Amino acid sequence: MKCPRCRRGPMFKHSNPYKSLSLSHIFDMPERCPECNQRYDLEQGFWYGTGYVSYALAVALSVSTFVAWWVLIGISTEMHLLYWLVANALFLFILQPLLMRLSRSLWISWFVKFD
């Protein structure tokens, strides 16, 4: 989660998304990269596309956990599917701050090329 242009400057003010004092500070970013002066907010509404990236990451993780659950534990008509749904929901809830930051990093890397 470094600057997509120089890959040295941090994209977020706090390196650990779970260490923030509140969830409202997860996305605190400097206006520009301290190393190469690249602007992070490229235009108004630039970050709206990260919702699609975050959704794709959550679906990929859900499919991965479903396949792993199926192979390791098995799926039956009993409670096994319900246990996977609850476990997957908790897994996604816990990983959500990390997924949201990762989606921002991926989104900007598709528009700003490495120097």
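The values are calculated or read from the model by the stated rules, or taken from the named source; none is laboratory data. What you are looking at is a predicted structure, and each value in this text was computed from that prediction instead of being measured. Here Cβ is always computed from backbone atoms with ideal geometry, including for glycine, and neighbour counts include all displayed protein chains. Note: areas computed on protein heavy atoms with side chains; ligands, DNA, RNA excluded. Shrake-Rupley method; radii C 1.70, N 1.55, O 1.52, S 1.80 Å.
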Review point. Could you say which residue among SER24, SER64 is assigned to a helix (DSSP H, G or I), at pLDDT 95 or above and open to solvent by 40 Å² or more (accessible area, probe 1.4 Å)?
Key: SER64
Exercise for review: Considering only residues that are aromatic (Phe, Trp, Tyr) and more than 27 Å from LYS19 (Cα to Cα), look in region 71-115 and name the one that is surrounded by the most Cβ atoms within 10 Å (Cβ to Cβ).
Suggested key: TRP84
Check your understanding: Can you name every residue in region 27-41 that is modelled with pLDDT under 90 and of a type in the set (A, V, I, L, M, F, W, C)?
Key -> PHE27, MET29
Study note, to complete from the structure: All-but-one check, LEU57 against (1) over 21 Å from the mean Cα position of the chain (by Cα); (2) more than 18 Å from MET11 (Cα to Cα); (3) surrounded by 12 or more Cβ atoms within 10 Å (Cβ to Cβ), failing number (1)
